[in-house]
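Accompanying notes for the structure given below.
The values are calculated or read from the model by the stated rules, or taken from the named source; none is laboratory data. Everything numeric here is computed off the predicted structure, so don't read it as measured data. Cβ atoms come from the backbone with ideal geometry, glycine included; neighbour counts cover every protein chain shown.
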Amino acid sequence: MKAPSIVCAAFCCLLFNIGASLADPPKVIIDTDFNTIGDDGQVAVMAAQLYAQGTIDLLGFTIPSGNQWRDQEVSDCPKAVERLGIEDRVKVYVGAQYPLLHDYKSYLYEVQLFGPRTQYVGAYSKTQPAGPGDLVPPPDGFATHTKPAKEDAVDFIIETIHRFPHEVTILEIAPPTNMALAIRKDPTIVPLIKQIVTMAGQINAGQRIYWQRGI
């Protein structure tokens, strides 16, 4: 999993920027490679609490592959919004299955050349789910009445930024594939984004490891 301190630091940066605008709660999209028990799941809980308090206007979760394969994350996240009681107002949007660079085949080729992984590789540690039967339920089971939105994540990001120019903050705690695809599809959104708060990397000082997140 990603280092929780890095993800929480990104979330704290968002909170710091919220302070001056409590009268008009900032609009936030969370782009997340969701996992129920790990750091992204913890961010979802904190965000839901802030949303309930009226501190942020949580517009939705957009999901690319990252910690897990996208389909597993898209299975987990609707259960989370259901569990948190926000499923009627906050939707889950299906994003990129594959990165633009360094795809799964490239990773497998590297394993052939250099041997087994020695560091965290997220979704690449397992084969991609072939279908619903390969998905693992969260500890409290799959979502019972909540499904992902029909609109995909990239179109949702583009449409939302145009609807609320200079108002939308992207909390980027996933590989930024969805944002990259949105900008590629509609570059006019770039000056209309209020801000992107991103973890943008992972540092493990104890083992002297730095991992730059790929797109």
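See the values below:
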{"quantity": "Residues satisfying the stated conditions in the stretch 37-62, i.e. under 21 Å from Val74 (Cα atoms) and among the small types (Gly, Ala, Ser)", "calculated": "Gly38, Gly41, Ala44, Ala47, Ala48, Gly60"}
{"quantity": "Among the residues listed as Tyr124, Tyr120, the single one being under 21 Å from the mean Cα position of the chain (by Cα) and either within 24 Å of Pro78 (Cβ to Cβ) or buried (at least 17 other Cβ atoms within 10 Å of the Cβ) (or both)", "calculated": "Tyr124"}
{"quantity": "Positions within the stretch 144-160 being outside any helix (DSSP H, G or I) and free of Cβ contacts under 8 Å to residues at least 24 places away in the same chain, in sequence order", "calculated": "Lys150"}
{"quantity": "Candidate set: the stretch 23-37, residues that are over 17 Å from Ile196 (Cα atoms) and surrounded by fewer than 17 Cβ atoms within 10 Å (Cβ to Cβ); chosen: the one nearest to the chain's Cα centre (by Cα)", "calculated": "Ile37"}
{"quantity": "Verdict on Lys126 being within 20 Å of Ile37 (Cα to Cα), free of Cβ contacts under 8 Å to residues at least 60 places away in the same chain and among the basic types (Lys, Arg)", "calculated": "yes"}
{"quantity": "Per-region count, the stretch 177-207, residues part of a loop (DSSP other than H, G, I, E, B), closer than 20 Å to Pro26 by Cβ and modelled with pLDDT of 95 or more", "calculated": "2"}
{"quantity": "Hits in the stretch 48-90 - residues which are among the charged types (D, E, K, R), over 16 Å from Pro139 (Cβ atoms) and buried (at least 22 other Cβ atoms within 10 Å of the Cβ)", "calculated": "Arg70"}
{"quantity": "Matching residues in the stretch 95-107 - criterion: being without any contact (Cβ under 8 Å) to a residue 12 or more places away in the chain and over 19 Å from the mean Cα position of the chain (by Cα)", "calculated": "Lys105, Ser106"}
{"quantity": "Listing of strands (runs of 3 or more DSSP E) fully contained in the stretch 26-112 that carry 3 or more residues being farther than 23 Å from Gln128 by Cβ", "calculated": "27-31, 57-63"}
{"quantity": "Considering residues of the stretch 77-89 that are touching a residue at least 40 places away in the same chain (Cβ under 8 Å) and in contact with a strand residue (DSSP E or B) (Cβ under 9 Å, 6 or more places away or on another chain) only, the residue nearest to Lys147 (Cα to Cα)", "calculated": "Pro78"}
{"quantity": "Looking only at the stretch 127-143, and only at residues there that are part of a helix (DSSP H, G or I) and surrounded by fewer than 11 Cβ atoms within 10 Å (Cβ to Cβ), the one that is nearest to the chain's Cα centre (by Cα)", "calculated": "Pro132"}
{"quantity": "Of all residues making up the stretch 113-123, the number that are part of a loop (DSSP other than H, G, I, E, B), of a type in the set (A, V, I, L, M) and over 20 Å from Ile37 (Cα atoms)", "calculated": "0"}
